[in-house]
Amino acid sequence: AAASRLHLDADASVPAERSGLVTVGSRLRFRHPLVRSAVYRNASLSERRGVHAALAEAITGPNSDEHRAWHRAHAAGVPDESVAVELVQSAERARRRGGSAAAAAFLAYAVELTPNPISRAQRALDAALSKLDAGDPDAATRLLALAAGTEDELLGARVDLLRAKIAFAAQRGRDAPPLL
């Protein structure tokens, strides 16, 4: 289904198969992750978005909702609240399974796709907390910067509290108590 959406004929993979770069069976497998990365990085942004859109439509199986949301997010060229909501839902499912890193990644991408500034700030705070829980205080700090500066006092207080938690987690030094 993805191949037809991309207007690829049945023999499109033959040169890559012959060279040993890929194996095509029930799924496409690259010989090495660096080959996959090189192919992805050499594609134009519009080509990558097209492939992600095709995969979002074609994907089935366990966890397909999460994979579909991830591909829809990568296919989006502009902020899209419906895709952001799918990512937030996927983050919650990942969190319930104990996938804190996956939940953090879904939430961070939801921030990028959220058009409303207030919702974006709230999601940035949630994503920052999730990144900290996943052991990435640097990413948490970057996301926290997106949450700061709103006129919502409660949100501002939560941002300050998380900033102190990040300082404590990252440095265990004297910066955390005054921030707290």
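The values are calculated or read from the model by the stated rules, or taken from the named source; none is laboratory data. Predicted model, so just to flag it, every value in this text is computed and none were measured. Heads up, the Cβs are rebuilt from the backbone with ideal geometry, glycines too, and the neighbour counts pull from every protein chain shown. Calculation scope for accessible area: heavy atoms of the full protein, side chains included, ligands and nucleic acids excluded. Shrake-Rupley method; radii C 1.70, N 1.55, O 1.52, S 1.80 Å.
Of the residues Ala147, Ala140, Ala176, Ala164, which is at pLDDT 90 or above and farther than 15 Å from Ser100 by Cβ? I'd like the intermediate steps shown before the answer.
On the way: Ala140 fails: farther than 15 Å from Ser100 by Cβ; Ala176 fails: at pLDDT 90 or above; Ala164 fails: at pLDDT 90 or above.
Result of the check over Ala147, Ala140, Ala176, Ala164: Ala147.
Pairs, please: C-beta under 9 Å, at least 6 apart or cross-chain, first residue over 14 Å from Arg68 (Cα atoms) and in segment 45-57, second of a type in the set (Gly, Ala, Ser)?
As it stands, the answer is Leu45/Gly77; Ser46/Gly77; Arg48/Ala75, since those pairs meet every condition given.
Is there any pair with a first residue in segment 9-23 that is of a type outside the set (Asp, Glu) and a second that is in a loop (DSSP other than H, G, I, E, B) and modelled with pLDDT under 85 whose Cβ atoms are under 9 Å apart and which are 6 or more apart or on different chains, and what are they?
Partner pairs satisfying both residue conditions: Ala12/Leu6; Val22/Ser13.
Here are some residues: Leu113, Leu125, Leu154. Which one is open to solvent by less than 30 Å² (accessible area, probe 1.4 Å) and more than 30 Å from Arg27 (Cβ to Cβ)?
Values: Leu113 fails: more than 30 Å from Arg27 (Cβ to Cβ); Leu154 fails: open to solvent by less than 30 Å² (accessible area, probe 1.4 Å).
Criteria check complete, one pass: Leu125.
In this structure, does Val159 turn out to be modelled with pLDDT of 95 or more and either touching a Ser or Thr at 6+ places or on another chain (Cβ under 9 Å) or closer than 30 Å to Ala54 by Cα (or both)?
On the way: modelled with pLDDT of 95 or more: no; either touching a Ser or Thr at 6+ places or on another chain (Cβ under 9 Å) or closer than 30 Å to Ala54 by Cα (or both): yes.
Here the answer is no, as Val159 does not meet what is asked.
Anything in segment 4-33 that is loosely packed, with under 10 Cβ neighbours inside 10 Å, part of a helix (DSSP H, G or I) and over 22 Å from the mean Cα position of the chain (by Cα)? List them, or say none.
Within segment 4-33, just Arg18 meets the criteria.
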